[in-house]
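None of the figures in this text is laboratory data; all of them are computed from the coordinates on show. Fair warning: this is a prediction, and the values are worked out from it, not measured in the lab. Here the Cβ positions follow ideal geometry from the backbone for every residue, glycine too, while neighbour counts run over all protein chains shown.
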Amino acid sequence: MLEIGMKAPDFKLPDQDGVIHTLGEYRGKKLVLYFYPKDDSTGCTKQACGFAERYPQFEEKGAVVVGISKDSVESHKHFQTKYHLPFTLLSDTSLEAIKAYDVWHEKKFFGKSALGIVRTTYLIDEEGKIVKAMSKVNASENPEDMLEKLS
């Protein structure tokens, strides 16, 4: 996990509509950048829907929410449409940002080891610096936790 006070690594990734986004476009806003394992899985759906429910509150606090996983643009579009997600989902099939943000690690699942995304959320300030970092977050509690961290 990256440390608080570090400059957040830049990225250049397509969203659910194929539009390219970079970290720089969020300058001047607080950015809740969350990394999640897989579209439409139980935990990831709870987390995304939690951010969606609270999205107006994030906006009131001057924050933007962006999710990143290694799923395809098409998968993200389906996920966003199915759950009416009001925020951007970025596709990182090359794992470039996922590795830059140090969220690609060995995980154990039913006794087997495999590399995957460790559910992690960063709060990045208006200047692009990491001000909060949470690893191995609880999917259903993470949106509320991040809202509290913005206060």
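Per DSSP H run of at least 4 residues, take -39500 (n - 2.57); add these up for the chain, divide by its residues and hand me the 222 nm value, nearest 500 deg cm²/dmol. Let's see the in-between values first.
Values: 5 runs with 42 residues, N = 151.
Roughly -7500 deg cm²/dmol at 222 nm, from the helical runs in the chain.
Which pairs, out of K108/K149; K7/K82; K46/K132, put more than 32 Å between their alpha-carbon atoms?
Numbers: K108/K149 29 Å; K7/K82 34 Å; K46/K132 21 Å.
In this structure, K7/K82 exceed 32 Å between Cα atoms.
Under 8 Å for C-alpha pairs, at least 6 residues apart: give me the relative contact order for the chain, rounded to a whole percent.
Working: 302 pairs, mean separation 51.1, N = 151.
Answer for the chain is 34 percent.
Taking the Cα centre of each part, how many Å lie between the range 1-41 and the range 51-77?
10 Å
For the range 49-54, what does the Karplus curve 6.51 cos²θ - 1.76 cosθ + 1.60, with θ = phi - 60°, yield as ³J(HN,Hα) per residue in whole Hz, taken in order and with x for Gly and Pro?
Those phi angles translate into 5, x, 5, 5, 4, 9 Hz.
Each residue of the range 70-87 in turn: what ³J(HN,Hα) in whole Hz from Karplus with 6.51, -1.76, 1.60 and θ = phi - 60°, glycine and Pro shown as x?
My calculation for the range 70-87 gives 8, 5, 6, 4, 4, 4, 4, 4, 4, 4, 5, 5, 4, 10, 6, 6, x, 10 Hz in order.
Rounded if a/c is under 1.5, else prolate if a/b beats b/c, else oblate: with a ≥ b ≥ c from the C-alpha gyration tensor eigenvalues square-rooted, which is the chain?
Values: a/c = 1.26, a/b = 1.16, b/c = 1.09.
Rounded is the answer for the chain, as its axis ratio a/c remains below 1.5.
With a ≥ b ≥ c taken as the square roots of the eigenvalues of the C-alpha gyration tensor of the range 102-151, please select rounded if a/c is under 1.5 and otherwise prolate if a/b is larger than b/c or oblate if it is not? Please list the in-between numbers first.
Working: a/c = 5.08, a/b = 1.84, b/c = 2.76.
The shape class here is oblate.
Between beta-carbons, use under 11 Å as the cut-off and find the net charge around S75, counting Lys and Arg +1, Asp and Glu -1.
On the way: positive: K38, K70, K77, K82; negative: D39, D40, D71, E74.
That sum, taken over residues with Cβ under 11 Å, equals 0.
Give me the distance in nm between label points sitting 7 Å out from Cα along the Cα-to-Cβ direction at T42 and T81, one decimal.
2.7 nm
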